[in-house]
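Accompanying notes for the structure given below.
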Amino acid sequence: MQRIVNGQKSYEKIGEVLKENGAKKYMLVCSGTFFKMGLQQYFETIDIPCVYFTDFTPNPKYEEICKGVDVFKAEKCDALVAFGGGSAIDVAKCIKLFSTMPQGELYFKQELKDNDIPLLAVPTTAGTGSESTRFSVFYYGGEKQSIAPDYLLPEYAFLDATLLYTLPVYQKKCTLLDALCQAIESWWSVNSTDESKEYAKIAIQKIMANYKDYIFKNDAKACEEIMLGSNYAGRAINITATTSAHAMSYKMTTLYGIPHGHAVGIGLPYIWEYMLNNPDKCIDKRGKEYMLSTFDDIAHAFGSNDAKSAVKDYFEFLDELEIYGPKATLAELDILTDSVDVGRLKNNPCELDHDTFYNLYKNITKE
């Protein structure tokens, strides 16, 4: 069971938690912005030795994670603190998991086993919800890899909305879109439960009620609500996993260099519209009427009258955020279509085939 610590300067309880867990030396996984924000000042007060690891990119590569594993083992660390966005938290999860595995064979190809290394997560963006999920994403040979054993859920998550104040506006938009899409996809997923749907509903309502004050005014209360909304979205997908919008996003990120939230955000309304127009392709065992009613429920949480109106409103929402699709060549359309992770399609409530993905990408990248 994860413990969530909420509130301003909540991360200043990390030293106490590390001592409670008997840590002798911990690794702090963070991006370069951590030092620009002066956050190391608190950690210097903790009387437990600390090793910093910052040698990873926004879409972390397997080789970068391996560097972290090597440092963790060489320095004889016994605990992990992740301080940053989804990438930092994902890297820390993998370091935790891989550091007790034998070298030689690719870590993620080996049998995954739990260990007792404590992992504490402090998100500095409101988007991935990674602090409250078991998922970790990285890239190997240019292809996305994902691992998700239940025990990768961090033992502690510290939510401090003041860490969002200095985020660039575009980053706020992209991370917010990621959280919103996670919540929407989780709600319509074939794996949804009453618990996951309630988490998703809270996430969507908090995001839509506060996004303007968060993005355009940097309002303190709005930051708190968006931080919570992102966390609830993470809790939702931790139960259900994501669906087709996320499956379609990863190659757009690597091919065009756009952030993950941007990529998933521009694809979701086209998928939603397609499913609304093709209810007979429903594969959710609860049936197409259930699927259609779910779309309406999502629409109401979004602030729209019905699902059809919600798709229109979502496109207007993207216009308001000035988030648009890239232009694709015919060759790129083939690359995008062939890239989709079919594993995530099993969670989607409506069947999607190769030709459908081609046409969806064509619409997404026509701007």
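I want the local charge near ASP47. Using Cβ-Cβ distances under 13 Å, sum +1 for each Lys or Arg and -1 for each Asp or Glu among the other residues. Don't skip to the answer; put the middle values down first.
Values: positive: LYS19, LYS24, LYS25; negative: GLU16, GLU44.
Spelling it out: positives minus negatives among the neighbours equals +1.
Stretch ASN218-THR166 to full length: gain in nm at 0.36 nm per residue minus the Cα-Cα span? Don't jump to the answer; show the numbers that get you there.
Numbers: separation 52, 0.36 × 52 = 18.72 nm, distance 0.88 nm.
Length difference between fully extended and current span is 17.8 nm.
Taking all protein chains in place and a 1.4 Å probe, what share, in percent, of the accessible surface of the chain do carbon and sulfur account for? All intermediate terms of the calculation are to be shown ahead of the outcome.
Details: 7460 of 15350 Å².
Using a 1.4 Å probe with all protein chains present, the chain comes out at 49 percent carbon and sulfur.
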Original post:
So which of LYS173/LYS308; LYS217/LYS312; LYS19/LYS172; LYS73/LYS173; LYS308/LYS362; LYS144/LYS346 end up more than 27 Å apart, counting from Cα to Cα?
Top reply: LYS19/LYS172; LYS73/LYS173
Original post:
Quick one: Kirkwood hydrodynamic radius for region 233-280, alpha-carbon pairs, angstrom, one decimal?
Top reply: 11.7 Å
Original post:
Given the pairs LYS201/LYS288; LYS109/LYS251; LYS9/LYS61, which span a C-alpha to C-alpha distance of over 25 angstrom in this model?
Top reply: LYS9/LYS61
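Determine by what factor the alpha-carbon radius of gyration of region 1-67 differs from 2.2 N^0.38 Å, reporting the quotient.
Numbers: Rg = 13.5 Å, N = 67, 2.2 N^0.38 = 10.9 Å.
Taking the Cα Rg and dividing by 2.2 N^0.38 Å, one obtains 1.24.
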Original post:
Hey, what D do you get for region 1-137 in µm²/s if you plug the Kirkwood alpha-carbon radius into Stokes-Einstein at 37 °C and 0.692 mPa s?
Top reply: 217 µm²/s
Original post:
Which part of region 140-170 falls in the paramagnetic zone of GLU16, meaning amide N under 20 Å from the point 7 Å along Cα-to-beta-carbon?
Top reply: 155-163
Original post:
Which whole-Hz ³J(HN,Hα) couplings does region 215-222 yield from phi under the Karplus relation 6.51 cos²θ - 1.76 cosθ + 1.60, θ = phi - 60°, glycine and proline marked x?
Top reply: 6, 9, 10, 6, 5, 4, 5, 5
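Per-residue ellipticity at 222 nm for the chain, helices alone: DSSP H runs ≥ 4 residues times -39500 (n - 2.57), over residue total, nearest 500 deg cm²/dmol? Present the calculation step by step, with values, prior to reporting the outcome.
Details: 15 runs with 186 residues, N = 367.
The helix-only estimate for the chain comes to -16000 deg cm²/dmol at 222 nm.
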Subject >> Rounded Å value of the spacing that divides the Cα centres of region 285-334 and region 140-216 >> reply: 17 Å
Original post:
To the nearest µm²/s, what D does Stokes-Einstein give for region 56-187 at 20 °C and 1.002 mPa s, using the Kirkwood radius over alpha carbon pairs as Rh?
Top reply: 140 µm²/s
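Tell me, what is the FRET efficiency for GLU320 and ALA148 to the nearest 0.05, using R0 = 35 angstrom and their Cβ-Cβ distance as r?
Computed FRET efficiency for GLU320 and ALA148 comes out at 0.55.
So if I average 1/r over every pair of distinct C-alpha atoms in region 239-367 and take the inverse, what Kirkwood radius in Å does that give?
Details: mean 1/r = 0.0665 Å⁻¹.
Evaluated on region 239-367, it is 15.0 Å.
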Original post:
One-quarter of the Cα convex hull surface for region 115-196, in nm²?
Top reply: 7.4 nm²
**OP:** Inverting the mean 1/r over all pairs of different Cα atoms, compute the Kirkwood radius of region 295-347 and quote it in Å.
**Re:** 13.6 Å
Subject >> Range in the chain, longest, excluding exposed chymotrypsin sites (Phe, Trp or Tyr not before Pro) [loop by DSSP; at most 14 other beta-carbon atoms within 10 Å] >> reply: 1-164
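Would you mind calculating the relative contact order of region 225-284 from Cα pairs under 8 angstrom and at least 6 residues apart, reporting the percent as a whole number?
Details: 22 pairs, mean separation 15.0, N = 60.
The normalised contact order for region 225-284 reaches 25 percent.
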Original post:
Equivalent-ellipsoid semi-axes (√(5λ), Cα gyration tensor) for region 58-128, whole Å, largest first?
Top reply: 20, 14, 11
Original post:
Can you pull the semi-axes for region 166-220, root of five times each eigenvalue of the Cα gyration tensor, sorted largest first, whole Å?
Top reply: 25, 11, 7
**OP:** Please sort by residue number the trypsin sites (Lys or Arg not before Pro) in region 278-351 whose DSSP state is loop and whose Cβ has at most 16 other Cβ atoms within 10 Å.
**Re:** LYS285, ARG286, LYS327, LYS346
**OP:** For region 213-367, build the charge dipole from Cβ charges (+1 Lys, Arg; -1 Asp, Glu) around the Cα centre, then report which of SER309, ILE364, THR254 sits farthest towards its positive end.
**Re:** THR254
**OP:** Quote to one decimal, in nm, the extra length available between ASP70 and ASP341 on full extension: 0.36 nm per residue of separation minus the C-alpha distance between them.
**Re:** 94.6 nm
**OP:** Report the trypsin sites (Lys or Arg not before Pro) located in region 102-193 that are in a DSSP loop and have at most 16 other Cβ atoms inside 10 Å of their Cβ, or state none.
**Re:** LYS113
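When ligands, DNA and RNA are left out and all protein chains stay put, how many square angstrom of accessible area per residue does the chain have with a 1.4 Å probe?
Details: 15350 Å² over 367 residues.
Spelled out: the 1.4 Å probe surface of the chain, per residue, equals 42 Å².
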Original post:
Among the aspartates and glutamates, which have Cα under 13 Å from the Cα of LYS366 when same-chain residues fewer than 8 positions away are ignored?
Top reply: GLU332
Subject >> At q = 0.18 Å⁻¹, base-10 log of I(q)/I(0) for region 189-279 (Debye sum, equal scatterers on each alpha carbon) >> reply: -0.97
Subject >> Residue-wise HN-Hα coupling along region 108-117, computed from phi with Karplus coefficients 6.51, -1.76, 1.60 (Hz; x: Gly, Pro) >> reply: 6, 9, 7, 5, 8, 10, 6, 9, 9, 6
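I need the GluC sites (Glu not before Pro) found in region 27-65, filtered to DSSP loop residues with at most 11 other beta carbons within 10 Å of theirs. Mind showing how you got there, number by number?
Values: sites: GLU44, GLU63, GLU64; in loops: GLU44.
Sites meeting the loop and neighbour criteria: GLU44.
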Subject >> Formal net charge of residues neighbouring LYS308 (Cβ-Cβ distance under 11 Å; K, R +1; D, E -1) >> reply: -3
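How much space per residue, in cubic angstrom, does the convex hull of the C-alpha atoms of the chain take up?
On the way: hull volume 46.3 nm³, N = 367.
Once divided by residue count, the hull of the chain is 126 Å³.
The values are calculated or read from the model by the stated rules, or taken from the named source; none is laboratory data. These figures come from a predicted structure and were not determined experimentally. Note: ideal-geometry Cβ built from the backbone for every residue, glycine included; neighbour counts use all protein chains shown. In case anyone asks, the SASA skips ligands and DNA or RNA and just uses the protein heavy atoms, side chains included. Shrake-Rupley method; radii C 1.70, N 1.55, O 1.52, S 1.80 Å.
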